[in-house]
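A quick write-up on the structure given underneath.
Please treat every number below as a calculation from the coordinates, not as lab data. Keep in mind that what you see is a predicted model, and the values were worked out from it rather than measured. Positions of Cβ are generated from backbone atoms using ideal geometry, with glycine treated the same way; all protein chains shown enter the neighbour counts.
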Amino acid sequence: MAFTITINGLTHSVDVDGDTPLLWVLRDALGMTGTKFGCGMALCGACTVHVDGTATRSCITTIDSIGDSKITTIEAIGTTPAGAKIQRAWLEHEVVQCGYCQSGQIMSASALLAGNPQPTDKDIDDAMSGNICRCGTYVRIREAIKLAAQANGKAG
């Protein structure tokens, strides 16, 4: 079946079965490999993208459920105000170790800051709880989110 979807502000046409997960449309049909496969059951967060600004697990989101929604992936998150702040903070706190989970971590953190510019520790825990980092960089992730939130109080 043919589907037309908007990803990172661009319109794409894909010919896939309606029950194809968005993850595989991104990676296999469109060659956008920044979004990672982790578990295939929405338990690890590696496949997180934004669907109309909401952090969404693309491994269980079927292409036929997207409709007119706007998709943002890791490839474009740096063009959003929250995403740019998160990416700068990630670098400053040297969050990345192996890096595999980081696109999903960044997407969840960016959605958090876009909706809640001054999150509490509980807000951070709640937003990030579905993202697993096998390298255990959770302390650096939390500190980077806090640094990005501090940047929300400043110009830029």
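What percent do you get for the relative contact order of the stretch 16-156 when only Cα pairs under 8 Å and 6+ apart count?
About 25 percent, as a whole number.
With runs of 4+ DSSP H residues as the only contributors, calculate the mean residue ellipticity of the chain at 222 nm using -39,500 (n - 2.57) per run, divided by the residue total and rounded to the nearest 500.
-10000 deg cm²/dmol
What are the ³J(HN,Hα) couplings of the stretch 51-65, residue after residue, when phi is run through the Karplus curve with 6.51, -1.76, 1.60 and θ = phi - 60°? Round to Hz, x for glycine and proline.
After applying 6.51 cos²θ - 1.76 cosθ + 1.60, I find 10, 6, x, 9, 4, 9, 7, 6, 6, 10, 9, 7, 4, 6, 8 Hz.
Summing +1 for each Lys or Arg and -1 for each Asp or Glu, what net charge is found among the other residues whose Cβ lies under 13 Å from the Cβ of M128?
Result for the local shell: -1.
Equivalent-ellipsoid semi-axes (√(5λ), Cα gyration tensor) for the chain, whole Å, largest first?
27, 16, 13
Go ahead and set up a Gaussian network model of the chain, Cα springs under 10 Å, then flag whichever of T73, T137, T48 fluctuates most.
Judging by the Gaussian network model, the answer is T137.
To the nearest 10 degrees, how steeply does helix 81-92 sit against the main Cα axis of the chain, on a 0 to 90 scale?
60 degrees
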